[in-house]
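Right, one structure below, let's go through it.
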Amino acid sequence: MEIRGARALVTGANRGLGRALVEALRAAGCAKIYAGVRDVARLAPIAGIEPVVLDITDPAHVSAAAARCGDVDLLINNAGIAHFAPSLGAPSLDSARLEMETNYFGTLAMCRAFAPVLAANGGGALVNILSVVSWMNVPMQGSYCASKAAAWSLTRAARFELRAQGTLVAGVYAGYIDTDMTAGVTDAKSDPDDVAARIVSGIEAGQEEILADARARALHDMLLKDHRLFDANMQSVWDAHVKAQAQRA
C-alpha cells in the first residue's frame, strides 16, 4: 500500500509510538491523518492532524469514529495498556480485565467498525500493533501477554476474513519501546521513531508480519516456524465456508 496520498487513523496517538506513527505517516506524505485520543486536550498540536475523541473500549466512540473517518484507507490500532501484573499473583482480576478489554476487545471493536470503511475505500490496510509477547508469556506481566496473544489471534482471523475485500492485515511486533508505558523497565528499549519508520516501510511493502526491531526478529526466528502453508490451507477453508453460505442464502 502506498502511504503517500493515503488517509489514516491512528489510535492512541497522543504520545509514545502513536505520536511517532503520526509523524512518520506525515513525513511519508499521508494526505490526511486522524489522531484518535481519549482526551483531545492532551494531544500536542501537530499541523494538519485532525484529532478524534476515541476511547476504543467505548462502543459509542468507536461508532462515531467510523462515521467521522469514513474516508480512511489505513487504520493503525495502536491504543493499548499494560499493567505489568502476573496472571495468578495479582491481587485481583482488575488488571487482566482492563488489559483484555482494551488490547483485545477494543481492537476487535475497531476492526469490526472499520472493515466496511476500508472495503468502501478500495481495501487499504488494517495494522494491529502487537508485541513479541504475543508469541510467549513473561510471567511478571502475564495478563498483558495473554491480551496480546489474543490480539495476535484476532489479527490472523481478520486476515482470513478481509483478504477477499483486498485489505492488507498486518501485525506489528517489537520488544520494549522507549515510551511512558515502559518507563519502569530497565531492559534495552527500541526508539519509537525507528519502530514507526519500520512500520511505515512494512505497510508500503505489503508485509503481513512487520518485525519492527532486532528483538522481534530474533524471537520470531527462535519461537515461530513458517506458518504460511497452514495459513494458506486455512484461507481455503474460510473461502469455501463463505462460498457455501452465499449459495445457501
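The values are calculated or read from the model by the stated rules, or taken from the named source; none is laboratory data. Being a predicted model, the structure only gives us computed values, none of them experimental. Every residue, glycine as well, gets a Cβ built from its backbone with ideal geometry; the counts of neighbours run over all protein chains shown.
Yes or no, residue by residue, for (1) in contact with a His (Cβ under 9 Å, 6 or more places away or on another chain); (2) modelled with pLDDT of 90 or more:
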position	(1), (2)
158	no, yes
207	no, yes
211	yes, yes
227	no, no
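What pairs come out if I take residues in the range 235-249 that are over 19 Å from residue 166 (Cα atoms) and in contact (Cβ under 8 Å) with a residue 40 or more places away in the chain and pair them with residues that are surrounded by fewer than 10 Cβ atoms within 10 Å (Cβ to Cβ) and not charged (D, E, K, R) whose C-beta lies under 7 Å away, six or more apart or interchain?
As it stands, the answer is none, since no pair meets every condition given.
Can you find even one residue in the range 201-219 that is of a type in the set (Lys, Arg) and either closer than 13 Å to residue 135 by Cα or in contact (Cβ under 8 Å) with a residue 40 or more places away in the chain (or both)?
Yes, the range 201-219 has at least one match.
Which numbered condition trips up residue 175, out of (1) among the small types (Gly, Ala, Ser); (2) in contact with a helix residue (DSSP H, G or I) (Cβ under 6 Å, 6 or more places away or on another chain); (3) at positive phi?
If we test residue 175 against (1) among the small types (Gly, Ala, Ser); (2) in contact with a helix residue (DSSP H, G or I) (Cβ under 6 Å, 6 or more places away or on another chain); (3) at positive phi, just (3) comes out false.
Within the range 178-191, does at least one residue satisfy the condition of being of a type in the set (Lys, Arg) and either within 16 Å of residue 130 (Cα to Cα) or modelled with pLDDT of 90 or more (or both)?
Looking for residues that are of a type in the set (Lys, Arg) and either within 16 Å of residue 130 (Cα to Cα) or modelled with pLDDT of 90 or more (or both), one finds at least one in the range 178-191, hence yes.
What's the number of the only condition in (1) modelled with pLDDT of 90 or more; (2) loosely packed, with under 13 Cβ neighbours inside 10 Å; (3) not in a loop (DSSP other than H, G, I, E, B) that residue 237 fails to meet?
(1)
For residue 36, are the conditions met, namely being of a type outside the set (A, V, I, L, M) and at positive phi?
no
Can you work out which of the residues in the range 109-126 that are over 10 Å from the mean Cα position of the chain (by Cα) and not small (Gly, Ala, Ser) is nearest to residue 167 (Cα to Cα)?
Checking each candidate, the answer is 118.
Considering each of 65, 28 in turn, give the residue that is among the small types (Gly, Ala, Ser), out of contact with any strand residue (DSSP E or B) (no Cβ under 6 Å at 6 or more places or on another chain) and either farther than 18 Å from residue 193 by Cα or surrounded by 15 or more Cβ atoms within 10 Å (Cβ to Cβ) (or both).
28
If a residue has to be more than 15 Å from residue 148 (Cβ to Cβ) and touching a strand residue (DSSP E or B) at 6+ places or on another chain (Cβ under 9 Å) to count, how many in the range 171-193 make the cut?
5
Of these, 62, 52, which one is touching a residue at least 40 places away in the same chain (Cβ under 8 Å) and in contact with a Cys (Cβ under 8 Å, 6 or more places away or on another chain)?
Step by step, each of 62, 52 is checked, and only 52 is touching a residue at least 40 places away in the same chain (Cβ under 8 Å) and in contact with a Cys (Cβ under 8 Å, 6 or more places away or on another chain).
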